[in-house]
Amino acid sequence: MRGMQRALQKEGYVVHNLGYDSRHHTIPVLAEQVAHEVRKVTEAATRVHFVTHSMGGILVRQMEATQPLETLGRVVMLSPPNHGSEVVDRIGHSWIFDRVNGPAGQQLGTAPDSFVNQLGPVHFECGVLTGDRSLNWINSCMIHGPNDGKVSVASARIEGMQSFKVAHATHTFMTSNRAVIADTIQFLKTGCWLP
């Protein structure tokens, strides 16, 4: 997220690039930890925007469902598995997947009763930007329809979002894609993307 961070700082935003240990905790635990950190670093802020990548969007949804932030502004989700990923359905049970993605990754399946599908619609200003290019043809073979190698275009959508856009980008490199960075800034400033 460093390229995104630099671009946002050039636009005058105060940026806190927060990480989280998804390999050792579940989504609720991670969301609680991130919420605590967000409140600590934004104590004086009157408006707090989020730019998330992948699971980060799910953490914001969980935070807003359990510990809403009164100063929440706009949220840009980059390639969020809002309805899970078929990759988790197919190989989530393997030891190597668990080692790389941890307990939080296990919660990103597509079943109707999966964690992500129990979170419901968003009730905040949200723009979702996802990719349709993949560097991982093995993962892409497991996913129905256009995808970024980890998340399908269809799965990134979420009820309640204000805007949705597909970029010619891959999951991994979405955050450093110049067009994605420009679109992120536009949504933070205006709350929408032009068709």
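The values are calculated or read from the model by the stated rules, or taken from the named source; none is laboratory data. Since we're looking at a predicted model, the values are computed, not measured. In this analysis, Cβ positions are derived from the backbone assuming ideal geometry, glycine residues included, and neighbour counts consider all displayed protein chains.
Computed quantities for the displayed model
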| quantity | calculated |
| --- | --- |
| Every residue from segment 166-180 that is of a type outside the set (A, V, I, L, M, F, W, C), touching a helix residue (DSSP H, G or I) at 6+ places or on another chain (Cβ under 6 Å) and buried (at least 19 other Cβ atoms within 10 Å of the Cβ) | T175 |
| Residue check, T71 under 16 Å from the mean Cα position of the chain (by Cα), within 20 Å of E32 (Cβ to Cβ), modelled with pLDDT of 90 or more and of a type outside the set (F, W, Y) | no |
| Those residues of segment 74-92 which are modelled with pLDDT under 90 and touching a Phe, Trp or Tyr at 6+ places or on another chain (Cβ under 6 Å), in sequence order | I91 |
| Residue that is farther than 19 Å from S163 by Cβ and either in contact (Cβ under 8 Å) with a residue 60 or more places away in the chain or of a type in the set (V, I, T) (or both), where the choices are V60, V100 | V100 |
| Residue match in segment 112-128 (condition: touching a helix residue (DSSP H, G or I) at 6+ places or on another chain (Cβ under 7 Å), surrounded by 22 or more Cβ atoms within 10 Å (Cβ to Cβ) and either over 15 Å from V87 (Cα atoms) or of a type in the set (S, T, Y) (or both)) | yes |
| Filter result for M4 (part of a helix (DSSP H, G or I) and over 21 Å from V180 (Cα atoms)) | no |
| Some residue of segment 73-89 being farther than 22 Å from H144 by Cα, free of Cβ contacts under 8 Å to residues at least 12 places away in the same chain and not hydroxyl-bearing (S, T, Y) | no |
| Breaking point among (1) surrounded by 15 or more Cβ atoms within 10 Å (Cβ to Cβ); (2) without any contact (Cβ under 8 Å) to a residue 60 or more places away in the chain; (3) farther than 19 Å from L188 by Cα; (4) more than 14 Å from the chain's Cα centre (by Cα), for T26 | (2) |
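Yes or no, residue by residue, for (1) touching a residue at least 60 places away in the same chain (Cβ under 8 Å); (2) buried (at least 17 other Cβ atoms within 10 Å of the Cβ); (3) among the aliphatic types (A, V, I, L, M):
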| residue | (1), (2), (3) |
| --- | --- |
| G19 | no, no, no |
| E37 | no, no, no |
| V41 | no, no, yes |
| S54 | yes, yes, no |
| T71 | no, no, no |
